[in-house]
Every structure is written in C-alpha cells, then in structure tokens.
Amino acid sequence: MIGIATLETPRLRLRAFHRDDFPAYAAMWAEPAVVRFIGGEALSHKAAWARFLRLFGMWHVMGFGFWAVEDRHSGALIGQAGFHDVQRGLQPSLDGTLEAGWVLATAMHGRGLAEEAMRAALAWADVRHPAARITCMIQTDHAASLHVAGKLGFAAFADTAYHGVDMVLLERRVAGGP
C-alpha cells in the first residue's frame, strides 16, 4: 500500500481509509442531507462500495486522494476530505488538477470541521504538490460549501452544468487561504 500521511488537527485525524470503514462510509452516503448537493440521491450499498474502492485507487495512480476524516476524541469516521481527478470532461476542464472535496456525516455539519479538515489537506498539497492547480466544483445553491471554499482561498472562475445541475468552478488563488 502506498504511504498515505496521517494529518492531525485539534479535533480531527485525517488518515488512510481501511476496509472496516465501509459500514460507516456507506451509511454516510445514504444520508439525504449528505447527498443533497452531491448527485441528489442516496447511494445504494453497491454504489457506495464502488465509490469506496475508488478511494484506494486514486492514491496509487495519482499520488493524492481522499483521507478518512476521524473524530480524534471518539475515533469515529465522520467524513472524507482531500482531492481527486475525476476526468469529468467539463468545459472549462478540471482534468489534471487536484480537485478538492469534502463530505461530512450530517451530524457533523455546521461545526467548522470541513474547513479544519481541508486546511490540513491543503497544507499537505502545498508541500507534496506545490505546482499543482487546486480546484473544486460546487453546486451553485450549496451556500455552506461555497462559504467554506471562500474561507479556504478558492474563487469562482466559471459556471457550468454537470449532469444538468448548475455548478460553479473554483480555483485556489492563494496558498493557505485568507
């Protein structure tokens, strides 16, 4: 297995996913509030499994990926944060960038944990992939994620549609954010 750094923040541990994370992972992706702005429909067990397996491959092929976000106090898996390159074929393209993303279980929303996790992930990217363009794609009416992205130094550069849904494309303009 490729060496995936463990990152720690005051409240979180970002670590490699493990096989035994799958039940909590699948439960998170079945929550309506989690998928509301990410495809709009809860993932089936089969679809969650396919997405879960993709997490491992990204690290091996690209040298980056998503970390399991764990609550440092309880040890519970509460989400995922990191980067992927999905090769969406969008225009303008995000292909070849570190496309940032974060997902937290519903009970963790509104606590500043997405920002905390992504600050750690971005600091890692600044060291490990210093020349990489870092982007993200957020549904235009997802105010909470747009707010987090702004706090992390992302700025909009284009509007597009993905699977018929209006999206804003953002890129990180300043390493470290404001």
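Observations, loosely collected:
- Residue within the stretch 70-81 that is at pLDDT below 95 and either closer than 17 Å to Glu171 by Cα or of a type outside the set (Gly, Ala, Ser) (or both) present: no
- Any hit, the stretch 21-34, residues being touching a residue at least 24 places away in the same chain (Cβ under 8 Å), out of contact with any helix residue (DSSP H, G or I) (no Cβ under 6 Å at 6 or more places or on another chain) and assigned to a loop (DSSP other than H, G, I, E, B): no
- Top-ranked residue in the stretch 22-34 [being crowded, with 18+ Cβ neighbours inside 10 Å and out of contact with any Phe, Trp or Tyr (no Cβ under 6 Å at 6 or more places or on another chain); ranked as nearest to His73 (Cα to Cα)]: Met28
- Just one of (1) crowded, with 18+ Cβ neighbours inside 10 Å; (2) in contact (Cβ under 8 Å) with a residue 60 or more places away in the chain; (3) under 17 Å from Lys151 (Cα atoms) fails for His109. It is (1).
- Filtering the stretch 2-20 to residues that are assigned to a loop (DSSP other than H, G, I, E, B) and among the aliphatic types (A, V, I, L, M) leaves Ile2, Ile4, Ala5, Ala16.
- Boolean, Ala144 is without any contact (Cβ under 8 Å) to a residue 60 or more places away in the chain and within 12 Å of the chain's Cα centre (by Cα): no
- Looking only at the stretch 35-61, and only at residues there that are part of a helix (DSSP H, G or I) and β-branched (Val, Ile, Thr), the one that is nearest to Val168 (Cα to Cα): Val35
The values are calculated or read from the model by the stated rules, or taken from the named source; none is laboratory data. What you are looking at is a predicted structure, and each value in this text was computed from that prediction instead of being measured. Glycine also receives a Cβ, built like all others from the backbone with ideal geometry; neighbour counts cover every protein chain displayed.
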